[in-house]
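A short worksheet on the structure shown next.
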């Protein structure tokens with residue numbers, strides 16, 4: 001029988017396979033952002049969205065070269081529900097795996113994974129952090145390829161397209177979700 005972990009159980013799993021505070025914080029951030037998006041788009045399943053966000057990089061710290069492929073194996077071994085597994089691994093579509101995001105929630109994960117990193121980096125550069133941050137200031141940072149160079153602009157753009165959102169709208173909504 002497969003299970004859908006609670007966000008708290010998902011966090012315990014992430015901490016079992018990840019020790020770097022950065023990776024754990026990233027999982028927590030993406031989980032919370034997913035929860036905020038779920039409140040608008042799928043209010044009955046906020047915990048499900050949060051769980052997927054928490055688990056999305058479960059394999060990255062130990063197996064970066066096999067990212068998403070190893071998560072698929074690992075989550076199957078742990079008896080995790082197939083819907084969770086598909087959502088988790090589809091965020092690596094076109095990057096490290098050929099499993100396409102199909103559901104809206106999966107597209108949100110694809111879009112916000114890299115974007116939370118870019119916004120987080122922008123917040124670190126501001127004396128007020130997230131407070132008062134606007135999409136237009138993040139758009140400036142987005143255009144500067146040297147800023148947070150590890151955050152793929154192409155993936156963020158593709159995510160916005162998948163969602164049918166303008167890039168500035170996606171950025172603004174993600175900032176709001178991160179602030180919450």
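Against the test of being in a helix (DSSP H, G or I) and more than 17 Å from the chain's Cα centre (by Cα), the options 146, 136 yield a single qualifying residue, 136. In this structure, residue 129 does not qualify as assigned to a loop (DSSP other than H, G, I, E, B), out of contact with any strand residue (DSSP E or B) (no Cβ under 9 Å at 6 or more places or on another chain) and closer than 13 Å to residue 117 by Cβ.
For the range 104-124, the criterion of a residue being surrounded by fewer than 24 Cβ atoms within 10 Å (Cβ to Cβ), part of a loop (DSSP other than H, G, I, E, B), at pLDDT 95 or above and at negative phi is satisfied by no position. Every residue in the range 63-103 that is over 19 Å from residue 31 (Cβ atoms) and not in a helix (DSSP H, G or I), please. Selection gives 63, 79, 93, 94, 95, 96, 97, 98, 99, 100, 102. Evaluating residue 57 against the criteria (1) in contact with a strand residue (DSSP E or B) (Cβ under 7 Å, 6 or more places away or on another chain); (2) touching a residue at least 24 places away in the same chain (Cβ under 8 Å); (3) in a loop (DSSP other than H, G, I, E, B) leaves one unmet condition, (1). The set of residues from the range 132-179 being touching a residue at least 40 places away in the same chain (Cβ under 8 Å) and surrounded by fewer than 11 Cβ atoms within 10 Å (Cβ to Cβ) is empty.
The values are calculated or read from the model by the stated rules, or taken from the named source; none is laboratory data. No experiment lies behind these values; they were computed from the predicted model shown. Using ideal geometry, Cβ is built from the backbone for each residue, glycine included, and neighbour counts are taken over all protein chains shown.
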